[in-house]
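Presented below is the structure to which this report refers.
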Amino acid sequence: MHHLRQSGIPAAVSHTAGTYNCNQLFYGLSHHIASHNLAIKGGFIHIPYSHELAVNHPGKPSMALATMIEAVRSIVHTTLTVGEDLTISGGALH
């Protein structure tokens, strides 16, 4: 998130993966990594609707597709090159 914000891409911490399918995917991944003692990182990223799709979802956040692509590239790069995660507070508990 730190690198995203430095690049001018809005991002926020969340303490929940979201609804059922999102939680199932994230917690299933976390369980798999822990139970197999894998030395890998795992996470879950919510991205907003593209501006084009947001038209059909009034009031929902949206972002330009090019910005989302830049964000995902930054996240992958950071994941592969940074060894220790930062501890950043924020987000809301749901």
Residues to consider are Glu70, Glu52; find the one that is open to solvent by 50 Å² or more (accessible area, probe 1.4 Å) and either assigned to a strand (DSSP E or B) or closer than 15 Å to Ala11 by Cα (or both).
Glu70
Among (1) exposed (fewer than 12 other Cβ atoms within 10 Å of the Cβ); (2) out of contact with any strand residue (DSSP E or B) (no Cβ under 6 Å at 6 or more places or on another chain); (3) modelled with pLDDT of 85 or more, where does Ile75 come up short?
(1)
Search the range 1-16 for residues being surrounded by fewer than 16 Cβ atoms within 10 Å (Cβ to Cβ) and not in a loop (DSSP other than H, G, I, E, B), and hand back the single one that is modelled with the lowest pLDDT.
His2
If you check Gly83, Gly59, which single one turns out to be at pLDDT below 95, open to solvent by less than 80 Å² (accessible area, probe 1.4 Å) and over 22 Å from Asn23 (Cα atoms)?
Gly83
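The values are calculated or read from the model by the stated rules, or taken from the named source; none is laboratory data. This one's a predicted model, so the numbers in the text were calculated from it and none came from an experiment. All Cβ positions, glycine included, derive from the backbone under ideal geometry; neighbour counts span all protein chains shown. Accessible surface areas use protein heavy atoms only, side chains included; no ligands, DNA or RNA. Shrake-Rupley method; radii C 1.70, N 1.55, O 1.52, S 1.80 Å.
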